[in-house]
Amino acid sequence: MTTEKINLLDFDRQALRAFFAEELGEKAFRADQIMKWMYHFGVDDFDQMNNINKKLREKLKARCEIRAPEVSTAQYSSDGTIKWAMRVGNQDVETVYIPEDDRATLCVSSQVGCALDCKFCSTAQQGFNRNLKVSEIIGQVWRAAKEIGVEKETGRRPITNVVMMGMGEPLLNMKNLIPALNLMLDDLAYGLSKRRVTVSTSGVVSGLDQMAGKIDVALAISLHAPTDELRSQIMPINDRYDIDTFLASVRRYIASSNANRGRVTVEYILLDHVNDDMEHARQLAELLKDTPAKINLIPFNPYPGSPYKKPSNSRIDRFQKTLMQYDYTVIVRKTRGDDIDAACGQLVGDVIDRTKRTQSRLNVEEQIPVKSV
């Protein structure tokens, strides 16, 4: 009988030290050494760890492994964006690398599919299978760093920012999210600033309140509508946690956070003639008056079968200018990677749907109210 090996990527520093002490009978500094090899040098072969004694290396080889998701496919955009399908078990999740002049951002998935059912999101249409393990979340960062490599001339890190905005709702996977975030921030792993690690949520209030006492990172919220009636139509989670309840939890989090500098990033997808009227902009400005925020407007990125359209540039411009009249910082997010379906809301992966959501769409065509021009 073969015993499954323990994947060391499933442990943050505290858990790895405990494992070394309790299971291997080793001192904490040995765990720290292994972490540096795994994350600073991208090593997954214990024999390459030349400052680890042979006895411990043999012990590790017998009981442990360092296994990150493998790349199934890679797609390269004309704008430099890279989208990887990464294999987790017998399914794929998608991870996106977005390089810019002064930064390089990695968009990481937290679930296989998504447990929520936002009507405008391609990932949601795939249904949901399971939460990703710690090793499958941090493993996306590990694999991406290996794929990209380090610029040897400058020593510049291949990834400067991580956003939990890939497939899935991060706050429905708290058990595995928190250790993965710990590793992103830990100097023995990736050592990113807490302002450079962002968690995005669609409104899981229980998870946000739980996160407030555990970790301090940048927060982005997927709001996408200024009223409960409209938000419930396009984001069913609003029936569980309405806008007022959601924003109250956001204020609690940013009040306890240093990473957010006193304000939250509000994400608002613009759907043509659905949520992009000037009245919607005025309602949004009024809604956020007690919640310090900067606003990211995201023009809808179409995907096959979607009932929605991207608004015209003139509608986007009017919406932005209306909000700016209320003294908000408002940015229209530049679309990246849309030629390889790597833009916001376009990630699909390869998901075995346990929710039967995809089958129900084949059986019954859902009627989604869209205001006519």
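Things to note:
- From the alpha carbon centroid of region 1-60 to that of region 237-268 is 38 Å.
- Which listed pairs, of 119/310; 61/83; 214/334, have C-alpha distances above 23 Å, in listed order: 61/83; 214/334
- Summing charges over all other residues whose Cβ lies under 9 Å from the Cβ of residue 319, with Lys and Arg as +1 and Asp and Glu as -1, gives 0.
- As a calculated quantity, the FRET efficiency between residue 187 and residue 48 at R0 = 22 Å, using C-beta atoms, amounts to about 0.55.
- Percent of Cα-Cα distances greater than 20 Å, calculated over region 65-152: 37
- Cβ-based net charge around residue 24, under 11 Å, with every Lys or Arg adding one and every Asp or Glu removing one: +3
- The P(r) of region 6-65 has a tail past 18 Å containing 20 percent of all C-alpha pairs.
- Here the spin labels are modelled as points 7 Å beyond Cα on the Cα-Cβ line, and at residue 248 and residue 32 they lie 4.4 nm apart.
- Alpha carbon convex hull of the chain, volume per residue in cubic angstrom: 152
- DSSP-assigned coil residues among chymotrypsin sites (Phe, Trp or Tyr not before Pro) in region 40-123, each with at most 13 further Cβ atoms within 10 Å: 41
- Each other residue within a Cβ distance under 13 Å of residue 281 adds +1 if Lys or Arg and -1 if Asp or Glu, for a net charge of -1.
- Straight-line reach from residue 194: taking Cα to Cα under 12 Å and skipping same-chain neighbours fewer than 8 places apart, the aspartates and glutamates in range are 186, 216.
- Rounded to the nearest 20 debye, the dipole size of the chain about its Cα centre is 800 debye, using +1 on the Cβ of Lys and Arg and -1 on the Cβ of Asp and Glu.
- Residues of type lysines that residue 54 reaches as a straight line, Cα spacing below 21 Å, ignoring anything fewer than 8 places off in the same chain: 5, 27, 36
- Loop sites in region 1-102: GluC sites (Glu not before Pro), DSSP, at most 16 other Cβ within 10 Å: 4, 23, 100
Here, each number is a calculation from the coordinates, and none is a lab measurement. Everything numeric in this text was worked out from a predicted model, so none of it was measured. Virtual Cβ from ideal backbone geometry, glycine too; neighbours counted across all protein chains shown.
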